[in-house]
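S.K.: Below: one structure in structure tokens.
Readers should treat all values here as calculations from the given coordinates under stated rules, not as data from a laboratory. What you see is a predicted model; the values in this text were computed from it and never measured. Cβ sites come from the backbone with ideal geometry, for glycine too, and all protein chains shown count toward neighbours.
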């Protein structure tokens, strides 16, 4: 994140809950950073700017009204582009899905993140149909390793790792069958978790 914004999700949420920062300030800073740096990194396929700003304002309004703020209040994040985002076509890294209708609602895990107060910035690059270990994508270009942009992120959740390692967001969602979270996390110097199979629902998530 940028100067004055904590680097961790916990730090951001605490600053928003205390009123030290507004969620809108955090999200605008994150969007500005993506706009200025992502041409070099290639983490995002889609930004949902209007949605992100509206979600941030909702968090700020809840705080002003004395309402309950979730554990991720004001924390920006992105999702691998196989999680449905309402109003956005889920590409799963492929060009043959471009003609699909936009998703009618969010994936369950996106809904849960929203309920926790997190703020979605958009969809993140991935290997086509999640079958990739490099972070390359012939249709949408590679996600580049922010530690050294001449090197690969690993895959298939390459954009998810790149977005965090570049400081665009403090956390992101990916998916992992044979290392698709763990490989890019290791390559980009991050902590990545593959949850126990069946622990989290994959409802409205494009299948491997």
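S.K.: Rank these for me by crowding, 68, 139, going from fewest to most other beta carbons within 10 Å. Can you show the working numbers first?
M.R.: Numbers: 68 8, 139 13.
Ranking 68, 139 by Cβ neighbours within 10 Å, fewest first, gives 68, 139.
S.K.: Which whole-number percent gives the relative contact order of the range 9-187, counting Cα pairs below 8 Å spaced six or more residues apart? Could the numbers behind the result be given before it?
M.R.: On the way: 396 pairs, mean separation 43.0, N = 179.
It comes to 24 percent, rounded to a whole number.
S.K.: Let me ask something else. Could you identify which residue out of 138, 16, 27 has the top mean-square fluctuation in a GNM of the chain using Cα springs shorter than 10 Å?
M.R.: Comparing 138, 16, 27 in the GNM, the peak value goes to 138.
S.K.: Shifting gears a bit: Give me the distance in nm between label points sitting 7 Å out from Cα along the Cα-to-Cβ direction at residue 186 and residue 131, one decimal.
M.R.: About 2.3 nm separates the two model spin labels.
S.K.: Pop out the Kirkwood hydrodynamic radius of the range 16-107 from its pairwise C-alpha distances, inverse of mean 1/r, in Å to one decimal.
M.R.: Numbers: mean 1/r = 0.0679 Å⁻¹.
Every distinct Cα pair counted, the radius reaches 14.7 Å.
S.K.: Let me ask something else. Put a dot 7 Å past each Cα toward the Cβ at residue 98 and residue 203; how far apart are the dots in nm?
M.R.: 3.2 nm
S.K.: Against the longest principal axis of the chain, how steep is helix 49-64, in degrees 0 to 90 to the nearest 10, with axes from Cα atoms?
M.R.: Taking the Cα atoms of the chain, the angle to 49-64 is about 30 degrees.
S.K.: May I pose another question? Given 0.36 nm per residue, what is the gain on full extension from residue 196 to residue 20 after removing their alpha carbon distance, in nm? Spell out each step's value before the answer.
M.R.: On the way: separation 176, 0.36 × 176 = 63.36 nm, distance 3.62 nm.
The residue 196-residue 20 span can extend by a further 59.7 nm.
S.K.: How many angstrom lie between the C-alpha centres of the range 1-28 and the range 132-167?
M.R.: If we compute the Cα centre of each part, the gap is 26 Å.
S.K.: Compute the helix-to-body angle for 9-18: its Cα long axis versus the longest principal axis of the chain, expressed 0 to 90° and rounded to tens.
M.R.: Tilt of helix 9-18: around 20 degrees.
S.K.: Related question: Okay, helix-only estimate at 222 nm for the chain: each DSSP H run of n ≥ 4 adds -39500 (n - 2.57), divide by all residues, round to 500 deg cm²/dmol; what do you get? Intermediate results must be reported in sequence, preceding the final value.
M.R.: On the way: 6 runs with 67 residues, N = 208.
The helix-only estimate for the chain comes to -10000 deg cm²/dmol at 222 nm.
S.K.: Sticking with this structure for a sec: Each label point is 7 Å from the Cα along the Cα-to-Cβ direction; what then is the distance between the points at residue 149 and residue 2, in nm?
M.R.: Taking the simple label geometry, residue 149 and residue 2 are separated by 1.8 nm.
S.K.: Follow-up. Take the chain, connect every pair of alpha-carbon atoms lying under 10 Å apart with a spring to form a Gaussian network, then pick out the residue of 189, 122, 158 with the largest mean-square fluctuation.
M.R.: 189
S.K.: Let me ask something additional. Under a 10 Å cutoff between Cα atoms, tell me which one of 104, 76, 146 has the largest fluctuation in the Gaussian network model of the chain.
M.R.: 104
S.K.: Would any residue of the range 1-25 have its amide N under 20 Å from a label point 7 Å out along Cα→Cβ of residue 36? List them or say none.
M.R.: Backbone N within reach: 1-8, 12, 21-25.
S.K.: Taking only Cα atoms of the chain, what ratio of Rg to Rh do you get with Rh as the Kirkwood inverse-distance radius? Please report the intermediate quantities before stating the final value.
M.R.: Values: Rg = 16.0 Å, Rh = 16.7 Å.
Here Rg/Rh amounts to 0.95.
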